[in-house]
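The structure appears below as structure tokens.
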Amino acid sequence: MEKITEKLLLEKGSPKTTKLDKIKTLNLSKLQLKHQDLPVKLLSGLRSLERWDLSGNRIQEFPKNLELPALRYLDLSDNQMEDVTTLESLSGLEELKLEDNLYITVSDNHKLMVLLPKLRMYNGKDISTSANHLRFVYSENLRTRTIAVWEKSFTLPDPVTAEKLSTLEKNFVNAARQQVKYGPSSVSDFTKWRVEIIAKEYLLSLVEPKKEPESNEVTETKDNCEISTPTKRKQTPIVDANVRLTPRKKLRTDLPDSPVPASPRKTTLRLKPQTLTDGVRLSPRKPERTPSTPKRGRPRKDTPKRASNIEDTAQIEQEENIIRKVSSATTKYVMPIVKSCSKPLRLKPLHVLQCHSKQDNPDDLSTQLWACAFQPLPDSTDDSAGSRLVATCGGDSVCVIDCETGMVMKKYNVSGEEFFSLAWSTVLMSRGGGAPAQHCSILAAGGKRGLVKLIHPRNNVAYGEFRASGKALSVLRFNHQQGNFLFTGSYDNKIVMWDIGGVDSQYNYKVVQLMLLETSATPLHICLPPKSPGTHLLTACEDGLHCFNTQLGNNSTTKRSKEMEITFPIYKKEDKDHDYHTVDGLSFLANDIVASKNHLHGSIYLWSWSRTKAQRPDKKSRTVCAVVLAELQWANTEIPYLALNTCPGQVYVVCGDDKGRLWTYHITDLQNNRLQSGKPIQPTEVLEWPMPLKKGHSQVEGPSINSVAMDPELRYLVALSDKNMVIVWKRD
């Protein structure tokens with residue numbers, strides 16, 4: 001038996017280094033190690049360790065209290081593990097192997113799923129949906145039954161003493177373990193174990209009730225947030241089913257080998273980038289067809305209900321989806337010179353693309369484009385190209401565009417669909433054959449048919465879909481810390497939280513509904529707090545800004561109403577002719593600063609999330625007033641749902657208007673105590689509509705900007721218009 005020493009760890013670890021805290025991968029397999037041979041103090045120095053192979057040893061339990069914050073992969077196969085609860089301290093573990101441990105039972109497997117909150121891959125299989133069912137749905141059922149046992153037979157002693165409480169806890173736990181019956185008998189040991197934990201937690205909550213929000217909620221929101229891009233839409237158009245794609249096409253022979261085989265359910269084509277010409281790139285020419293999406297041009301009071309035709313399209317026949325090859329034909333625009341001024345950051349127009357045209361008709365200026373988002377870079381890659389890929393949606397297509405070259409890299413069409421929203425995420429993909437799972441970027445898109453399409457752009461695979469609502473989807477948002485959690489907002493005034501799991505090498509996947517949030521109007525935007533996205537959700541709706549508690553478990557139900565409504569000073573100026581309650585812009589700017597826009601207001605509020613949330617809501621209305629830090633001057637317009645977005649890394653706010661302009665604000669000196677000075681802050685710069693020209697046509701006048709997105713470093717800014725144009729700006 002070889003003793004674990006610092007020298008051995010440095011020899012077995014990689015990359016090669018002289019410091020333990022630099023090791024990322026460690027192989028200690030087949031050394032006949034027992035748990036007492038794993039020194040906690042020494043191993044705790046492996047602060048950067050991500051992958052650890054301990055297979056082929058004689059370990060019966062893991063060292064307790066060993067914390068390895070960066071550890072994501074652990075191989076304990078071919079050992080003698082008996083007590084899996086000793087792995088609890090490895091809270092960041094995503095992949096675990098415990099094959100060939102003879103004493104591991106089904107109950108032990110269930111315990112691991114609860115003890116390790118981020119565990120997704122177990123013995124080479126994706127167990128994220130099953131695990132989340134156990135963590136939340138199954139546990140909630142046990143909690144309900146445990147509370148029933150308490151309410152039937154137990155009460156708190158008066159007075160509460162340590163001795164009486166100890167006896168009460170023992171009796172309550174024993175009664176709960178005996179009386180709570182749930183699930184199959186094969187996991188009865190897990191059920192009793194889980195009930196014991198729940199019973200102790202519940203008794204503790206009665207003895208030490210939670211403090212009021214003022215005392216603890218400020219500290220948990222010192223965070224910054226994901227940017228919320230998607231915007232809202234107009235009346236649902238009539239279904240245009242003229243375009244039908246070939247349902248089954250074989251893979252092209254010129255495709256390079258892919259690390260993951262194609263989906264058994266849907267075959268795909270390799271996409272070729274468009275051939276570039278100087279100026280702006282457009283999609284290929286095809287015969288014209290009648291526009292289906294109405295232009296946005298009426299004020300809110302004329303368009304209170306925009307989804308009246310959605311039910312008429314619910315029974316549309318099932319279509320076959322493929323990702324199409326983009327033709328090399330282009331239409332040329334001449335980009336006029338835009339004057340720039342001396343500002344902290346200079347942006348110049350680079351490309352204008354018409355890649356969402358109906359039947360690729362270059363004269364189509366009616367298709368409205370609704371949402372765009374930059375691809376996030378997985379933690380495991382150093383590829384700098386990822387942050388220049390942006391996804392856009394509008395009409396019946398979703399495109400992935402390279403902002404630098406202006407090439408449409410992928411295009412995904414669904415005949416009869418109109419896409420309103422999309423969102424990127426990173427999930428785990430199992431590769432089979434004992435190979436470790438890899439991170440992959442996926443794209444979710446949804447629209448008027450109420451279906452969420454799941455796409456793996458890198459492998460040209462649209463691998464699945466599921467019905468999220470009977471009505472149109474207005475917004476999609478992933479939890480940025482747990483990439484398999486997806487929120488969908490819809491025109492039936494509901495937000496649903498889904499667990500979409502990961503995928504395997506054959507693109508098998510499973511979707512489970514975890515939570516239902518009931519709103520009083522159509523949700524337009526969804527934001528999650530930056531470092532605690534599992535606790536609260538902000539949603540901008542047509543009737544105001546609402547906050548929900550989204551913590552799973554913890555004695556809470558999976559069907560919830562709003563926790564509070566956040567109001568704004570402009571509400572005091574409302575009368576019968578002016579309703580400012582529609583919040584049609586929402587995004588986090590910094591750790592604790594939210595940018596939001598109220599329709600018809602003509603300015604943008606910057607307000608404190610933690611200080612607002614720390615207030616006690618009104619008992620009847622459940623309202624709190626936003627703690628406003630500043631106002632930003634914006635355009636005066638009656639057009640609703642115009643884009644607002646932020647770039648937290650550069651502390652920038654950008655908002656489009658109805659004339660094709662982009663109002664930019666570089667917030668360099670915003671203090672929490674800087675309340676309104678009486679005058680709104682002026683924009684840093686207003687980027688004028690570049691007035692693109694197309695050969696044989698007149699200039700295209702400024703359209704309404706429906707959506708904007710920026711990469712984290714603000715190298716590129718992408719704006720979508722209601723005249724079927726994607727405008728790419730580049731940092732000079």
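Can you pull out the residues in the stretch 29-40 that are under 14 Å from Ser55 (Cβ atoms) and either at pLDDT 95 or above or charged (D, E, K, R) (or both)? Selection gives Lys30 alone.
Close contacts from the stretch 656-668, counting a first residue that is touching a residue at least 60 places away in the same chain (Cβ under 8 Å) and a second that is aromatic (Phe, Trp, Tyr) and in a loop (DSSP other than H, G, I, E, B), with Cβ to Cβ under 7 Å and a gap of 6+ residues or different chains, come to Gly660/Trp689.
Against the numbered list (1) β-branched (Val, Ile, Thr); (2) out of contact with any Gly (no Cβ under 8 Å at 6 or more places or on another chain); (3) within 30 Å of Asp492 (Cβ to Cβ), Val408 comes up short only at (3). Residues considered: Phe466, Phe420, Phe485. Of these, the only one that is aromatic (Phe, Trp, Tyr) and open to solvent by 20 Å² or more (accessible area, probe 1.4 Å) is Phe466.
Considering the stretch 1-23, the residues that are buried (at least 16 other Cβ atoms within 10 Å of the Cβ) and assigned to a loop (DSSP other than H, G, I, E, B) include one that is modelled with the highest pLDDT, namely Ile23. Looking across the stretch 508-517, the residues that are assigned to a strand (DSSP E or B) and either open to solvent by 10 Å² or more (accessible area, probe 1.4 Å) or farther than 28 Å from His439 by Cα (or both) come down to Val512, Gln513, Leu516, Leu517.
Listed by position, the helices (runs of 4 or more DSSP H) inside the stretch 71-180 whose residues that are over 28 Å from Gln36 (Cβ atoms) and open to solvent by 30 Å² or more (accessible area, probe 1.4 Å) number at least 2 are 139-153, 162-179.
Where residues in the stretch 557-592 are out of contact with any Cys (no Cβ under 8 Å at 6 or more places or on another chain), touching a residue at least 60 places away in the same chain (Cβ under 8 Å) and open to solvent by 20 Å² or more (accessible area, probe 1.4 Å), which of them is nearest to Asp499 (Cα to Cα)? That would be Thr558. Does Val496 fit the bill of being among the hydrophobic types (A, V, I, L, M, F, W, C), farther than 13 Å from Leu422 by Cα and open to solvent by less than 20 Å² (accessible area, probe 1.4 Å)? In short, yes.
Of Gly470, Gly447, all but one fail to be touching an Asp or Glu at 6+ places or on another chain (Cβ under 8 Å), closer than 18 Å to Ile526 by Cβ and of a type in the set (Gly, Ala, Ser); the exception is Gly447.
Out of Ser621, Ser608, one residue alone is more than 21 Å from Arg477 (Cβ to Cβ), at pLDDT below 95 and open to solvent by 10 Å² or more (accessible area, probe 1.4 Å). It is Ser621. Only one entry in Ser505, Ser532, Ser520 is touching a helix residue (DSSP H, G or I) at 6+ places or on another chain (Cβ under 6 Å), open to solvent by 10 Å² or more (accessible area, probe 1.4 Å) and either part of a strand (DSSP E or B) or in contact (Cβ under 8 Å) with a residue 24 or more places away in the chain (or both), namely Ser532. Selection over the stretch 351-373 of residues that are over 16 Å from Asp396 (Cβ atoms), crowded, with 22+ Cβ neighbours inside 10 Å and of a type in the set (A, V, I, L, M, F, W, C) gives a count of 4.
If a residue must be assigned to a strand (DSSP E or B) and more than 15 Å from Glu518 (Cα to Cα), how many such residues does the stretch 555-589 contain? Qualifying residue count for the region: 11.
In the stretch 181-202, the qualifying residues are those that are closer than 14 Å to Arg143 by Cβ and not in a helix (DSSP H, G or I), and the one that is modelled with the highest pLDDT is Tyr182. Scanning the stretch 343-359 for residues that are farther than 18 Å from Leu720 by Cβ and not in a loop (DSSP other than H, G, I, E, B), we see that the one that is modelled with the lowest pLDDT is Gln359. In this structure, Val628 does not satisfy being among the aliphatic types (A, V, I, L, M), open to solvent by 30 Å² or more (accessible area, probe 1.4 Å) and over 19 Å from Ile526 (Cβ atoms).
Looking across the stretch 379-397 at every residue that is assigned to a helix (DSSP H, G or I) and open to solvent by 10 Å² or more (accessible area, probe 1.4 Å), the one that is modelled with the highest pLDDT is identified as Arg388. Of all residues in the stretch 52-70, count the ones that are open to solvent by less than 40 Å² (accessible area, probe 1.4 Å) and either farther than 17 Å from Gln32 by Cα or among the polar types (S, T, N, Q) (or both). Of the residues in the stretch 52-70, 5 are open to solvent by less than 40 Å² (accessible area, probe 1.4 Å) and either farther than 17 Å from Gln32 by Cα or among the polar types (S, T, N, Q) (or both).
The values are calculated or read from the model by the stated rules, or taken from the named source; none is laboratory data. Only a predicted model underlies this, so the values are computations on that prediction, with no experimental measurement involved. No Cβ is skipped: glycine too gets one built from the backbone with ideal geometry, and neighbour counts run over all protein chains shown. Surface areas here come from the heavy atoms of the whole protein model, side chains and all, with no ligands, DNA or RNA. Shrake-Rupley method; radii C 1.70, N 1.55, O 1.52, S 1.80 Å.
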